[in-house]
Amino acid sequence: MSTISREEVAHLARLARLEVTDDELDAFAGQLDVILESMKTLGEVDTEGVQPTSHAVPLVNVLREDQPQPSLPRDAVLAGGPDTAEGRFRVPRILDEEA
Amino acid sequence: MTKLNTYEAAVAAYEPVLGLETHIELDTNTKMFCGCSTTFGAEPNTQVCPVCLALPGALPVANKAAVEATIKIGLALNCRIAEWTRFARKNYFYPDMPKNFQTSQYEEPLCEDGYVEVTVDGESYRVEIERVHLEEDTGKTLHVGGATGRIHGATESLVDYNRAGIPLVEIVTRPVPGTGALAPEVARAYTAELRDIVRSLGVSDVRMEQGSLRCDVNLSLNKSGDEWGTRTETKNVNSLRSVERAVRYEIRRQSALLDAGDKIHQETRHFHEATGETSPGRSKEEATDYRYFPEPDLAVMEPGREWVEELRASLPEPPRQRRERLQAEWGLGDKEMQSVVNADAVDLIAATIAAGASASGAVKWWLGELSRRANESGAELGSLAITPAQVAELQGMVDDGRLNDKLARQVIDGVLAGEGGPAAVAAARGLEVVSDTGALEAAVDEAIAANPDVAEKIRGGKHAAAGALIGAVMKATKGQADAGTVRQIILDKLS
């Protein structure tokens, strides 16, 4: 029995904007279960007194002076999008998926 | 049709709890994590680079000026500045961010636990600040195909990323209970005070109508003694007046629902400027799960205590303290000072006095004639095309007897029309008071000759009748005579 449910997989897929079929939901639930199970092994490590690590490099206060630098030419910027109009990126209607 | 209670009935039956989230765009030269310029009004997508577009391999670096500005805001709001703080990714898919996440702060904001004191109707309220954190603004979307340019009904959207990545400071209050019927006024007073504080720091122009200060209003109602109710969050509240109206509307709407035994849905609502109403947006239960995690591309920050104390020492006099000092210096009553504050004229009057005007003269022009002009054109007082120095110059000309109030108003016309400073306008338009007594005496003689019956009354001792002759002389001189002088000449001639 999976500890991660089909509904949870469907929810995660929706957040990541992935289309998943019903069959895949079952398959991924099982696979994610194995992954979570494996990761649990890490929970056995004694981390008493160890700070959680979010950054691998021990750097602090890396800040930049507030000096403008050149931006990209607009043609180069817009070349990265599939569709443009009036100097802007053109995207499909936004509310569809939320409504 | 939305049912609404009267405001009086609503606040008699329920106690409101307020909460305010404010976003302030900083006016740094460059964006939060890259060197792109932040100049307003540039052509779309001309101020973007690999970092703010999140192209592969781009490496963001935090803007020191933005971090300093946020620490200053935190200090001015009496917050504790974190000794260790980091950025976090807030993940969501929406075309206003090309990165598919917004770099923000989550569990470790830069500043925490502050407060702002506000006064409403002579009563003091302490609004507690939960956190002040630093994040980045999103791009601007233009909705095409809808009837009104709104998102509903749009067939597609056009996106400009110039604004994406501009430093944004979010200031979140703790829930504010205990304001009762004054909740709308307290919400407004807090927002105004916050705006004044941030403006005094010189880190943002905090203009609500231009979106550099944006407000979300949280509100819930509960019966006295009960637990707090479910809250709604109203977005898109873009003026001080709207803050007040949005709170008032939600109190009336929620109380009607509660009276009918209905539940309040925890949801985002949108404020509509035109009607003063709110309408439902996305429901909070369905709100995106943002899956925050620490931003791996940005180093953690440990603001040194020396740096923080240096910034603290650089803070200007707090606006509230400054207002109290100026009120005493200017000799204004509480009501008069409140009018000055409401008209957003404190700095203008202070600058006018600094340029040489008397306090009473400066207050008179800014609160009187100039406020009227601003109201007429729907502009803010500060955006009128007249400087405090010019107002001081104008008042000086009145004090010297070179202008009377009527002429001064005509000079203002010229200055606002861009014809130059007061002296230049007066000269060009020929608006100086006629001080040539010969010319005035001739005008008085004409007026007497044209109004023999009036002249007779004055000879008979009815000095009040002189008004009609003064009027005739003023008309003949196109208002360019000093009424007092004219009156004296008339009485001299007819006694």
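Here are some notes:
- Prolate/oblate/rounded label for the protein assembly as shown (Cα gyration tensor, a/c 1.5): prolate
- Across peptide B:39-51, the average count of Cβ atoms from other chains found within 10 Å of a residue's Cβ is 4.
- By the rule of a C-alpha distance below 18 Å, with chain neighbours fewer than 8 residues away ignored, the lysines paired with B:K457 are B:K493.
- Residues in region B:222-236 carry Karplus couplings, in order, of 8, 6, 3, x, 7, 5, 4, x, 6, 9, 10, 10, 9, 9, 6 Hz; the curve used is 6.51 cos²θ - 1.76 cosθ + 1.60 with θ = phi - 60°, and Gly or Pro positions show x.
- Average other protein chain Cβ within 10 Å of Cβ, residues B:66-77: 1
- Charge dipole of chain B about the Cα centre (unit charges at C-beta), most positive-ward option of B:W307, B:W330, B:G418: B:G418
- The protein assembly as shown - mean residue ellipticity at 222 nm from DSSP helices (-39,500 (n - 2.57) per run, n ≥ 4, rounded to 500): -11500 deg cm²/dmol
- For the protein assembly as shown, a crude dipole built from +1 on the beta carbon of Lys and Arg and -1 on the beta carbon of Asp and Glu, taken about the Cα centre, is about 1940 debye to the nearest 20.
- At full extension, B:Y292 and B:R372 could sit 23.8 nm farther apart than now, given 0.36 nm per residue minus the alpha carbon distance.
- Per-residue mean of C-beta atoms belonging to partner chains within 10 Å, peptide A:77-83: 4
- Cα-centre dipole for chain A with unit charges at Cβ (Lys and Arg positive, Asp and Glu negative), debye to 20: 580 debye
- Loop-resident sites, region B:205-292, for chymotrypsin sites (Phe, Trp or Tyr not before Pro), counting at most 14 other Cβ within 10 Å (DSSP): B:W228
- Listed by chain and number, the lysines whose alpha-carbon sits under 23 Å from that of B:K335, ignoring those within fewer than 8 places in the same chain, are B:K364.
- Where GluC sites (Glu not before Pro) in DSSP loops with at most 10 other Cβ within 10 Å are excluded, longest remaining stretch of chain B: B:228-495
- Region B:22-52 versus region A:25-64: alpha-carbon centroid distance in Å: 34 Å
- Lysines with Cα under 28 Å of B:K3, excluding same-chain neighbours fewer than 8 positions away: B:K223, B:K235, B:K263, B:K284
- Of all DSSP beta bridges confined to region B:204-360, the antiparallel ones make up roughly 75%.
- Note on B:L416 and B:K475: with the Förster distance fixed at 30 Å, the Cβ-Cβ geometry gives a FRET efficiency of about 0.75.
- Farthest toward the positive end of the dipole of chain A, out of A:P58, A:P73, A:G30, is the Cα of A:P73, where the dipole comes from beta carbon charges about the Cα centre.
- Among B:L491, B:L219, A:L63, the order by Cβ neighbours within 10 angstrom, fewest to most, reads B:L491, A:L63, B:L219.
- Within chain B, B:C34, B:C36, B:C49, B:C52, B:C215 have no other Cys Cβ under 4.7 Å of their Cβ and so lack a disulfide-compatible partner by this rule.
- Here chain B is treated with +1 on each Lys and Arg Cβ and -1 on each Asp and Glu Cβ, and its dipole about the Cα centre works out to around 800 debye.
- Residue order, fewest to most beta carbons within 10 Å, for B:W366, B:W330: B:W330, B:W366
- Counting neighbouring Cβ atoms within 10 Å and putting the fewest first, the residues B:S360, B:S495, B:S255 line up as B:S495, B:S360, B:S255.
Every read-out reported here was derived from the displayed coordinates using simple, explicitly stated rules and does not represent laboratory data. These numbers come from a predicted model, not from an experiment. No Cβ is skipped: glycine too gets one built from the backbone with ideal geometry, and neighbour counts run over all protein chains shown.
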